[in-house]
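Some notes on the structure that comes next.
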Amino acid sequence: CLKRLMTFQSIMAVGKTYTVHFTGSNPQTLRLLMPDAEEGEKVLVRIYYQTKSRLQVFLGGEDFMEDLNFRDGKRKEQLVRDDKWASNDAAGGWTDEQASLDCASGCKVGDECRATSECSRRGDVHGANWYNKKEQMIEVVVSKHSTTQFVEIQTFPSVQVSVGLSVSVDEFYNIKNSFISNIANVLGINTANIAIVDVVAGNARRRQLLSDGTQDTTQGHDAGRRLLGDSVRVDFEVTPNAQLDIVDASDREDTGFMNVTVERSVNRFEACSVTWATSDGNGSATAEAGVDYTHATGTVHFAKNQMTAYLVIEVFSSAGYATLDKTLFVLLGTATNATSQDASALIT
């Protein structure tokens, strides 16, 4: 696998908005830095993405800065429809909150500056971001930061799908759960991995009808055209499960216990778990259960947004001096709402 690492440096005026277009494919991971900025200096960077993607912003590659229009991985627009989030416009719907530099309150809804209390998070702080679906642009604020708190934009590996349905917008939301359930059954995945992105009203279906009400099979201009029903375009995305990796570890045997780390990546929004078990190592320096360590099994649980978990194994101290380090394995087993990529850790 080849990685192409590129760095571009530029001189910018602070307090301005800059738009970036790439001549080729957008990078899967992109970092934005202002290492020499003074306190209060910031810019708004708009980056165009050629393909519709779910993008995630992190500070330092670890601290997640969720899109202003999302809550725990769910779009607020859809949460409003499900009566799980308060509306922010007069029509009872959702108008996008925006990352911006021109509202002292830090709360910009549509083109309007509002009181700070009307937004759940400020849109003018380092890393604040939102995705403009219409223009396919992510907009993110970059300001003074420490060397480890750079802005990192990662492309979330989701599949974007659009389908047309012969129902109205309101009718679709009456059957939304069934729609998601059916798609999940066809794909053999959890319903939590399917998210509605947008529901757009389309043109009503019209058919040529004869005077007796039968459908016209010709293209005669005398036949009437009657409105038969509404239609919508439903955009949804299919997201992957969380990915779990167990990390190799080493320690002195006289510590008595060892912590082994399991790391989570890709999808952070749903709870997940994985079983584990110890196993003797191999070769002349293998550790033996009951002699060098206690055989153990268990389950590691991750709450939503939890990225790291630990399991503990007991090790015994041997009398005398050993010339070789002894090894054992901790193996990941059955995962729920997740997949295991690196499922074996070497413990020394």
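The values are calculated or read from the model by the stated rules, or taken from the named source; none is laboratory data. Since the structure is predicted, the reported quantities are computational estimates derived from the model, not experimental observations. All Cβ positions, glycine included, derive from the backbone under ideal geometry; neighbour counts span all protein chains shown. To get the accessible areas, we keep the full protein, side chains included, count just its heavy atoms, and leave off ligands, DNA and RNA. Shrake-Rupley method; radii C 1.70, N 1.55, O 1.52, S 1.80 Å.
Kindly indicate whether Val80 is farther than 30 Å from Val169 by Cα, among the β-branched types (Val, Ile, Thr) and either open to solvent by less than 30 Å² (accessible area, probe 1.4 Å) or not in a loop (DSSP other than H, G, I, E, B) (or both). No; evaluated as a whole, the condition is false for this residue. Within segment 303-318, the presence of a residue that is in contact with a helix residue (DSSP H, G or I) (Cβ under 8 Å, 6 or more places away or on another chain), over 18 Å from Gly256 (Cβ atoms) and touching a residue at least 24 places away in the same chain (Cβ under 8 Å) is excluded. Please indicate, with yes or no, whether at least one residue in segment 29-42 is of a type in the set (Ser, Thr, Tyr) and either without any contact (Cβ under 8 Å) to a residue 60 or more places away in the chain or in a loop (DSSP other than H, G, I, E, B) (or both). So far as segment 29-42 goes, no, none of its residues is of a type in the set (Ser, Thr, Tyr) and either without any contact (Cβ under 8 Å) to a residue 60 or more places away in the chain or in a loop (DSSP other than H, G, I, E, B) (or both). Only one entry of Val291, Val247, Val266, Val260 meets the criterion of being among the hydrophobic types (A, V, I, L, M, F, W, C) and within 22 Å of the chain's Cα centre (by Cα), and that entry is Val266. Of all residues in segment 307-330, one or more are part of a loop (DSSP other than H, G, I, E, B) and at pLDDT 90 or above. Note on segment 268-286: residues that are of a type in the set (S, T, N, Q), within 14 Å of Ala335 (Cα to Cα) and open to solvent by less than 40 Å² (accessible area, probe 1.4 Å) total 1. For segment 48-79, filtering for residues that are under 18 Å from Val20 (Cβ atoms) and touching a helix residue (DSSP H, G or I) at 6+ places or on another chain (Cβ under 6 Å) leaves 0. In segment 244-262, the residue that is nearest to Lys326 (Cα to Cα) out of those that are open to solvent by less than 90 Å² (accessible area, probe 1.4 Å) and assigned to a strand (DSSP E or B) is Ala249.
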